[in-house]
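*Asks:* Have a look at this one before I ask anything.
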Amino acid sequence: MTGVCVAGATGWTGRAIAQSILDSDGLVLRSAVSRSAAGRDLGEAWGGPAVGVVVSTDVGVALDDVDVLVDYTSAAAAKGHALTAIAAGVHVVIGTSGLSASDFDEIDAAARTAGVGVVAAGNFSLTAAMAQAAALLVAPFLPQREIIDYASASKPDAPSGTARELAERLGEVSRHPLTISVAEIGGYPEARGATIGATQVHSVRLPSFVVSTEVVFAQADERLVIRHDAGGTPAPYVAGTLLAVRAAPGRVGLVRGLDTLLLQG
């Protein structure tokens, strides 16, 4: 049995992940982390019957008998949680958005030193992984592209983890200079978006969106659009996260992107 701790277990996605682990064969939920429910039984914190899992505020004390830490918290906390788990010899799955490429470099180096596996994805949806894999396939042949990132009006980070991961990974595949650089733009240069991995990323924050990510590839007289839309429940992220939980103990170092994990087999 693989022992799992879920950080962010009372959150929108973390709750669905924790419940799925409770219901899964071969996985056991050993502990949970949540600032809002510290000291309570997790099931009671959800408003239901007790499940025998006490909620902690401190990842460090929640790692006893744990093989894998799953983090769905915040960008401010996720890196510290990951490094704490790695130092304790615990594998990590990161579903939290907002971490930078340099954050992941540091996490990768620590994981390799400790001999543990980390799987991180801006989006653990299987269809989002397929969209990213398709974009990476296109990028060497159509290097001119821009990304549009849609999310709810209340999303606190920009761009989304999905869009940021996509931009950074596209930048590893191909780069193409802008016809007019952002520095040369008149008016409001910030309207050209943020440059991430040599790709312009534009974040839209409006009601009715959850997370949608669109990459537009173009060349003379033609365009190709690859888009992923997420619905209003956390269900799409469960299967991919559990796949990563099962895979992480067999890795050393960082695997970034669910598509990468799927292609590695």
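The values are calculated or read from the model by the stated rules, or taken from the named source; none is laboratory data. Remember, predicted model here, so these are calculated numbers, not experimental data. Because the Cβ atoms are built from the backbone with ideal geometry, glycine has one as well, and the counts that use them run over all protein chains shown.
*Asks:* Any idea which of (1) touching a residue at least 60 places away in the same chain (Cβ under 8 Å); (2) hydrophobic (A, V, I, L, M, F, W, C); (3) assigned to a loop (DSSP other than H, G, I, E, B) is the one Met130 doesn't satisfy?
*Replies:* Just one mismatch for Met130, condition (3).
*Asks:* While we're looking at this one, here's another question. Please work out which residue is farthest from the chain's Cα centre (by Cα), limiting yourself to the range 161-214 and to residues that are of a type in the set (Lys, Arg) and in a helix (DSSP H, G or I).
*Replies:* Among those that are of a type in the set (Lys, Arg) and in a helix (DSSP H, G or I), it is Arg192.
*Asks:* Continuing with this model, one more query. Tell me the residue from Asp259, Asp221 that is out of contact with any strand residue (DSSP E or B) (no Cβ under 9 Å at 6 or more places or on another chain) and outside the structural domain of Ala153 (by TED's automatic domain parsing), please.
*Replies:* None of the others qualify; the one that does is Asp259.
*Asks:* Test Glu146 against the criterion of being over 15 Å from Val216 (Cβ atoms) and touching a residue at least 12 places away in the same chain (Cβ under 8 Å), and give yes or no.
*Replies:* Considered against the rule, which asks whether it is over 15 Å from Val216 (Cβ atoms) and touching a residue at least 12 places away in the same chain (Cβ under 8 Å), Glu146 comes out as no.
*Asks:* Let me ask something additional. Take the residues of the range 217-251 that are buried (at least 17 other Cβ atoms within 10 Å of the Cβ) and in contact with a Lys or Arg (Cβ under 9 Å, 6 or more places away or on another chain): which is farthest from Arg15 (Cα to Cα)?
*Replies:* Phe217
*Asks:* Next up: Which of the residues spanning the range 26-52 are within 16 Å of Val66 (Cα to Cα) and without any contact (Cβ under 8 Å) to a residue 40 or more places away in the chain?
*Replies:* If the condition is that a residue be within 16 Å of Val66 (Cα to Cα) and without any contact (Cβ under 8 Å) to a residue 40 or more places away in the chain, then Val28, Leu29, Arg30, Ser31, Ala32, Gly52 are the ones that fit.
*Asks:* Another question, if that's okay. Quick one: which residue in Ala163, Ala183, Ala194 is surrounded by fewer than 16 Cβ atoms within 10 Å (Cβ to Cβ) and hydrophobic (A, V, I, L, M, F, W, C)?
*Replies:* Among Ala163, Ala183, Ala194, only Ala183 is surrounded by fewer than 16 Cβ atoms within 10 Å (Cβ to Cβ) and hydrophobic (A, V, I, L, M, F, W, C).
*Asks:* Same structure again: Say whether the condition of being within 30 Å of Thr2 (Cα to Cα) and touching a helix residue (DSSP H, G or I) at 6+ places or on another chain (Cβ under 9 Å) is met by at least one residue in the range 203-226.
*Replies:* no
*Asks:* How many of the residues in the range 28-59 are of a type in the set (A, V, I, L, M, F, W, C) and under 21 Å from the mean Cα position of the chain (by Cα)?
*Replies:* Qualifying residue count, the range 28-59: 4.
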